[in-house]
Ligand SMILES: O[B-]1(O)OCc2ccccc21
Ligand SMILES: [Zn+2]
């Protein structure tokens, strides 16, 4: 099979051939059905501490655009459903070619125009790669933020301004060291859905504690258009780089809100 992608001939319906876990019982994304989730008063507040990066890249890896600092920069995530500290690894995006599609998770069947993933790995492992392969749902903790079109997002502007420089697959640029990643996050990380799932891209490992925030972030129409100008490894617009929802099977989705 050609390298996996989101086109007709290499998209999500094909991934099971190289990654049989695609048909597993703990796959992501899912449709978050409010009538089926359960409030968990035991969920603690989440704390994300992102320290300034000395050298970070913003890159086009052929299926997303991704912010990636050099390893071991000291940014970490704790609390919420997490039993231990998780180290920040990277953030990346999924988006559509129009405002009616683009997010991976859905809420009562509704898709947002885009979804931002902040990826962290369980610090009891020696590396991100080991955490992915560590088995069980606690290898990674991924914060999912829906993006909707509205006011310009000043915190994401330094990143969306770099998009034209990584238009083609395999390109990357250095991110100015004064980029403040903490500013992207809402002031308090409350009101989220959490469940055990998987990577939404091959290898689709079932190693992710998902934490998806109810409140979307806003980006301007111009910022959304910047994403839609990115080209994927097949030379086509990257928009549509989202996996459709997977069956919940016998998993519970917990909420930190009533
Ligand atoms: O599958 B994803 O895009 O969502 C979670 C994740 C984590 C690491 C790499 C890729 C992904
Ligand atoms: Zn993702």
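What follows draws every value from the coordinates through simple rules; no lab data is involved. As the structure is a computational prediction, the values presented were derived from the model and not from experiment. No Cβ is skipped: glycine too gets one built from the backbone with ideal geometry, and neighbour counts run over all protein chains shown.
Each residue, residue 151 and residue 187, gets one label point 7 Å from its Cα in the Cβ direction; the gap between the two is 1.2 nm.
Extension gain, residue 110 to residue 236, is 42.8 nm, computed as 0.36 nm per intervening residue step minus the present C-alpha separation.
Largest GNM mean-square fluctuation across 186, 69, 81, computed for the chain with C-alpha springs under 10 Å, falls on 186. Does segment 181-251 come out rounded, prolate or oblate by the C-alpha gyration tensor, with a ≥ b ≥ c the root eigenvalues, rounded set by a/c under 1.5 and, if not, prolate when a/b is larger than b/c and oblate if not? It is oblate, given that a/c is not under 1.5 and a/b is not larger than b/c. Taking 0.36 nm per residue of sequence separation and removing the Cα-Cα distance, the residue 9/residue 55 pair yields an extension gain of 12.9 nm. The overall shape of segment 85-175, judged from the alpha-carbon gyration tensor, is oblate: a/c is not under 1.5, and a/b is no greater than b/c.
If a spin label sat at a point 7 angstrom from the Cα of residue 257 along the line to its beta carbon, the backbone N atoms of segment 145-174 nearer than 19 Å would be those of 145-151. GNM remark for the chain: springs join alpha carbons under 10 Å apart, and the peak mean-square fluctuation among 208, 119, 173 falls on 173. With the simple spin-label model, which puts each label point 7 Å out from Cα in the Cβ direction, the residue 161 to residue 25 separation comes to 5.0 nm. Values of log10 I(q)/I(0) for segment 1-109 across q = 0.12, 0.23, 0.24 Å⁻¹ run -0.68, -1.25, -1.25, by the Debye formula with one identical scatterer at each alpha carbon and no solvent. Taken along the Cα-to-beta-carbon direction at a fixed 7 Å, the label points for residue 177 and residue 47 span 2.7 nm.
Given R₀ = 25 Å, FRET efficiency for residue 97-residue 214 by Cβ-Cβ distance, to 0.05? Could the numbers behind the result be given before it?
Working: r = 25 Å, r/R0 = 1.01.
With R0 = 25 Å, the Cβ-Cβ based efficiency is 0.50.
Does the chain come out rounded, prolate or oblate, given a ≥ b ≥ c as the square roots of the eigenvalues of its C-alpha gyration tensor, rounded meaning a/c under 1.5 and, failing that, prolate meaning a/b above b/c? Note, shape of the chain comes out rounded.
Comparing mean-square fluctuations of 146, 128, 88 from a GNM of the chain with C-alpha springs under 10 Å, the top value falls on 128. Take every Cα pair under 8 Å whose residues are at least 6 apart in sequence, average their separation, divide by the length of the chain, and the relative contact order is 28 percent.
So what is the calculated 222 nm ellipticity per residue for the chain, using -39500 (n - 2.57) for each DSSP H run with n of 4 or more, over all residues, to the nearest 500 deg cm²/dmol? Spell out each step's value before the answer.
Working: 3 runs with 17 residues, N = 258.
Rounded to the nearest 500, the figure is -1500 deg cm²/dmol.
If you restrict to DSSP beta bridges whose two residues both lie in segment 26-255, what percentage is antiparallel, to the nearest 5? So the antiparallel bridges amount to about 80 percent of the total.
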